[in-house]
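J.: Provided herewith is a single structure, encoded as structure tokens, for subsequent inquiry.
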């Protein structure tokens with residue numbers, strides 16, 4: 001499966017990809033079991049390739065199209081379909097890019113996660129990205145959410161202060177009216 005949209009391409013030479021063989025993947029699984037690290041991390045370490053080349057090789061070996069860093073950061077997250085909390089937990093995101101909805105993930109070795117992702121895709125293509133890029137993309141949006149939440153809290157605090165001030169002013173005004181009525185001669 002190759003990227004179907006002109007903006008969805010990797011910035012690597014596919015012919016230069018070093019295929020990852022079954023033996024290397026078996027070694028990575030054994031290493032991960034022994035060390036407790038993820039299979040993805042073990043395989044990347046065993047490959048000896050830089051991150052972008054490793055993801056390109058992994059994508060070619062497992063038949064996943066690869067989304068490059070620039071395309072990832074140019075896309076719009078679809079948090080209304082998969083919440084930011086779920087994206088962070090599952091290390092997956094649905095994006096809108098060049099009018100196309102697509103799923104993006106970094107770890108093709110977690111079967112439980114893949115089953116969950118498959119349910120979310122609803123026919124959208126699934127792209128592989130560098131784990132560090134996905135983490136940075138999600139962290140950027142998490143920071144934005146926290147900034148907006150913080151701003152909302154400040155506005156709510158100001159609104160409460162304003163309402164309290166208005167209430168005190170209204171009480172004072174009401175009291176002065178009552179005082180003036182009570183001192184009027186009948």
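Derivation of every value follows stated rules applied to the coordinates shown; laboratory data play no part. As the structure is a computational prediction, the values presented were derived from the model and not from experiment. Cβ atoms come from the backbone with ideal geometry, glycine included; neighbour counts cover every protein chain shown.
J.: Please order 121, 72 by the number of other Cβ within 10 Å, starting at the fewest. Show your work: numbers first, answer last.
T.: Working: 121 15, 72 20.
Ordered by Cβ neighbours within 10 Å, fewest first: 121, 72.
J.: Taking R0 as 30 Å, what FRET efficiency do you get between residue 88 and residue 26 from their Cβ-Cβ distance, rounded to the nearest 0.05? Provide the component values of the computation, followed by the final result.
T.: Numbers: r = 31 Å, r/R0 = 1.02.
So, using R0 = 30 Å, E works out to roughly 0.45.
J.: What is the Cα coordinate range of the stretch 14-130 on the first, second and third principal axes, sorted by size from largest, in whole angstrom?
T.: Largest to smallest, the principal-axis extents are 39, 31, 21 Å.
J.: Ok, one more. Sorting 69, 76 on the 10 Å Cβ count, fewest up front, what's the list?
T.: Least to most surrounded, the residues fall as 76, 69.
J.: What does the extension gain come out to for residue 113 and residue 101, with contour length at 0.36 nm per residue minus their alpha carbon separation?
T.: So the extension gain works out to 2.4 nm.
J.: Find how much the distance from residue 74 to residue 47 grows on full extension, using 0.36 nm per residue of separation minus their present alpha carbon separation; answer in nm with one decimal.
T.: Computed gain between residue 74 and residue 47 is 6.8 nm.
J.: Between residue 81 and residue 35, 0.36 nm times their residue separation minus their Cα-Cα distance comes to what? Mind dumping the intermediate values first?
T.: Numbers: separation 46, 0.36 × 46 = 16.56 nm, distance 3.56 nm.
Length difference between fully extended and current span is 13.0 nm.
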